[in-house]
Structure formats: structure tokens, C-alpha cells
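Peer 1: Once you've had a glance at the structure underneath, I'll fire off some questions.
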Amino acid sequence: MEEEIKKQEENMNQEEAENSENESEGLKNKLGALEKESAGRELKINELERKLSDVSKKHKETENSLANAVNSYRTLITGNNAEIPAELIHGKSIEEIDNSLMSAKILVNKIRQGLESEVSATRIPGGAPVRGEPDIS
């Protein structure tokens, strides 16, 4: 009977060992699959980071190009509107420059009209002045 108990225990131990081995093999397989999946994700992350870097670089280049275009436009507008002081034309976009140009034109026209009305009010008639009494002092 003792031998039977020992055999049963051995059989149980052997079954447990086989079960543990099977479980271990299954876990190793799962681990291998997860490692492959993780490596695939790492590759995808690296690819996306590279693409993000490329897009960021292109974005900066585009911003610089836009800034140069806006500065050229401002220079062109200032040169074509000599009657407007360059300090009144400002902005970081074409729309802002156009708006400041319109505001500056309105301001210059108001000043011009004010000066013209002032000049016409103080206009001296042409010709010789009226003779006054001789000064015998």
C-alpha cells in the first residue's frame, strides 16, 4: 500500500510537472508573441516620430517663407504708398498689413483735409497790399 501511495504521488508529481511545463511553454509562447508585437509597435513609433520630425521641419520652413513673403509685401506696399509713413504700415500677415494700410490712408486723408482747410482759411489775396497812412513817427 505504501508503494501504491508512492506511485500515486509520483504520478501526481509527474502530472503536475507536465502541467507546469505545458503552462510554462504556453507562457513562453505568449511572451514571444508579445515581444514581437512590442517590437512592431516600436518600429511604428519610430516611423511616426521620424514623420513628425519631417513635418515639423517643413512647417518651420513654411513659416519662414511666409514671414519673408509678408516682409516683401510690406516693403512693396510702403514703396508704392510714399505719402503714407512706413511706421503706420504694420502687421504679421497680409491681411493685417492691408488693414493697417487702409487705416493709414484714412488718417493721412483726414490730416490732408485738415491742412487744406487750414490753408484755405488763411489765404492771402494776391496783389499789392492796400495803402495805409504814411508813418511819420
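Peer 1: Taking springs between alpha-carbon atoms closer than 10 angstrom, which of 61, 25, 95 fluctuates most in the Gaussian network model of the chain?
Peer 2: Highest fluctuation of the listed residues: 25.
Peer 1: Classify region 2-119: rounded, prolate or oblate, from the alpha-carbon gyration tensor (a ≥ b ≥ c, eigenvalue square roots; a/c under 1.5 rounded; otherwise prolate if a/b is larger than b/c)?
Peer 2: Working: a/c = 15.55, a/b = 5.99, b/c = 2.59.
Prolate is the answer for region 2-119, as a/c is 1.5 or above and a/b outweighs b/c.
Peer 1: With everything on Cα atoms, drop me the angle between helix 2-80 and the longest principal axis of the chain, reported from 0 to 90° to the nearest 10.
Peer 2: 10 degrees
Peer 1: Using the Cβ atoms and a cut-off under 14 Å, what net charge is assigned to the surroundings of residue 70, where Lys and Arg are +1 and Asp and Glu are -1?
Peer 2: Summing Lys/Arg as +1 and Asp/Glu as -1 gives -2.
Peer 1: So what's the back-of-envelope 222 nm ellipticity for the chain, counting only DSSP H runs of four-plus at -39500 (n - 2.57) apiece and dividing by all residues, rounded to 500? Numbers along the way, then the final one.
Peer 2: On the way: 2 runs with 107 residues, N = 137.
Here the helix-only value at 222 nm equals -29500 deg cm²/dmol.
Peer 1: A further question on this structure: Would you tally the net charge around residue 12, using a Cβ to Cβ cut-off of less than 13 Å, leaving residue 12 out, and scoring K and R as +1, D and E as -1?
Peer 2: For residues surrounding residue 12, the net value is -4.
Peer 1: Still on this structure, I have one more. Using 0.36 nm times the number of residues separating residue 68 and residue 54, minus their current alpha carbon distance, what extension gain do you get? It would help to have the intermediate numbers written out before the result.
Peer 2: Working: separation 14, 0.36 × 14 = 5.04 nm, distance 2.12 nm.
The span from residue 68 to residue 54 would gain 2.9 nm if fully extended.
Peer 1: In nm, give the distance between the simple-model label positions of residue 41 and residue 92, each being 7 Å from the Cα along the Cα-to-Cβ direction.
Peer 2: Here the answer is 3.9 nm between the modelled labels.
Peer 1: Just going by the charge dipole of region 47-137, with Lys and Arg at +1 and Asp and Glu at -1 on Cβ, which of 62, 81, 114 is farthest out on the positive end?
Peer 2: Most positive-ward Cα: 62.
Peer 1: Now for a separate question. Springs between alpha-carbon atoms under 10 Å, Gaussian network over the chain: tell me which of 108, 70, 119 tops the mean-square fluctuations.
Peer 2: Comparing 108, 70, 119 in a Gaussian network model of the chain, the most mobile one is 119.
Peer 1: Not counting the cut sites, what is the longest span of the chain without trypsin sites (Lys or Arg not before Pro) that DSSP labels loop and that have at most 11 other Cβ atoms within 10 Å? Could you put the intermediate results ahead of the total?
Peer 2: Values: sites that count: 123, 131.
Longest stretch, sites excluded: 1-122.
Peer 1: Is there a quick way to get the dipole size of the chain? I mean about its Cα centre, with the Cβ of Lys and Arg at +1 and of Asp and Glu at -1; what is the value in debye to the nearest 20?
Peer 2: 2120 debye
Since every read-out is calculated from the coordinates, none of them should be taken as a lab result. This is a predicted model, so every value here is computed, not measured. All Cβ positions, glycine included, derive from the backbone under ideal geometry; neighbour counts span all protein chains shown.
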